[in-house]
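Let me begin by presenting the structure, written as structure tokens, before commenting on it.
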Amino acid sequence: MAPSRIEVSEAATVSPNKVDARTTYGDFRDEFYANGYAVIKGVLSKERAKEYQSKALDWLESFPLGFDRNDKSTWKKENVPQSFKGGMYLHFRAAHEKYVWDIRTEPSVIEPFAKLWGTDELVVSFDTVNITLPAKIVGGYDSKPWPHCDQAPERSGMVCVQGIVNLSESGPNDGGLVVMKRSAPLFDKFFEENPVTGPTPWRTAKHKDFHPFAEKDLDWYREHGCELVKVCAEPGDLIIWDS
């Protein structure tokens with residue numbers, strides 16, 4: 001990504017993946033480093049978020065499958081393209097639509113990442129666009145949680161920071177991101193005490209940045225003071241979390 005010319009003079013002077021817990025920043029980084037995630041309010045105006053939401057629905061309507069945002073009778077699985085978990089679009093070059101690039105290059109979206117890494121020379125990837133229609137209208141879909149981290153166990157410290165630019169209301173009873181609060185600082189400790197053994201079919205590369213957690217693993221985190229939290233956010237908020 002080209003430099004965004006964002007002031008990063010307040011960035012930590014130490015390597016971002018070797019954060020000193022005693023450092024206080026006076027901004028979202030304090031919550032991020034303590035809890036492993038943060039919600040940054042209003043990086044986009046609600047009006048701007050609504051514009052982007054409309055473009056996402058334009059994209060969904062561009063498929064000749066019969067979906068019409070203004071006609072709820074068309075809100076059916078067969079009227080939208082194939083997705084993961086009921087609305088996460090990994091295919092159809094969804095991540096490279098112009099509006100998606102416009103979102104990810106908004107200066108106010110880049111700025112928090114620049115502060116975390118201490119540079120605005122950032123490398124970015126994009127997993128999915130999430131356009132999830134109400135289950136009570138479209139019918140049930142696979143919404144079972146799949147607890148995981150997107151970082152290989154052998155990678156130490158903060159290696160990748162993920163984000164969601166939220167375009168819709170996401171309350172406690174809505175679908176959305178669930179995190180294990182305060183788990184990120186315990187990443188290395190967990191794998192020291194629970195080394196990966198046995199078959200690992202998900203490890204399709206030497207350093208596969210994905211690791212699933214079993215219920216016993218969640219219990220370990222709970223025993224160490226962590227808790228599962230449904231992250232709530234408003235249109236225009238940015239959710240960031242340590243992978």
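Coordinate-derived values only; no laboratory data. Not measured: the values here are computed from a predicted model. No Cβ is skipped: glycine too gets one built from the backbone with ideal geometry, and neighbour counts run over all protein chains shown.
Entry note, the chain: the mean residue ellipticity at 222 nm calculated from DSSP H runs of n ≥ 4, each adding -39500 (n - 2.57), is -7000 deg cm²/dmol after division by the residues and rounding to the nearest 500. Run through the stretch 84-130 and list the trypsin sites (Lys or Arg not before Pro) located in a DSSP loop whose Cβ has at most 11 other Cβ atoms within 10 Å. Those satisfying the criteria are ARG93.
Computed extension length for LYS46-ILE137: 30.2 nm, one decimal, from 0.36 nm per residue of separation with the Cα-Cα distance subtracted. Calculate, for LYS144 and ARG93, the FRET efficiency according to 1/(1 + (r/R0)^6) with r their C-beta to C-beta distance and R0 30 Å; round to the nearest 0.05. That gives a FRET efficiency of 0.60. Given the alternatives (1) 11.9; (2) 17.1; (3) 14.5, mean projected area of the Cα convex hull in nm² as computed for this entry is given by (3). For the set LYS55/LYS230; LYS115/LYS189; LYS46/LYS98; LYS144/LYS206, the pairs lying more than 24 angstrom apart at their alpha carbons are LYS55/LYS230; LYS115/LYS189; LYS144/LYS206.
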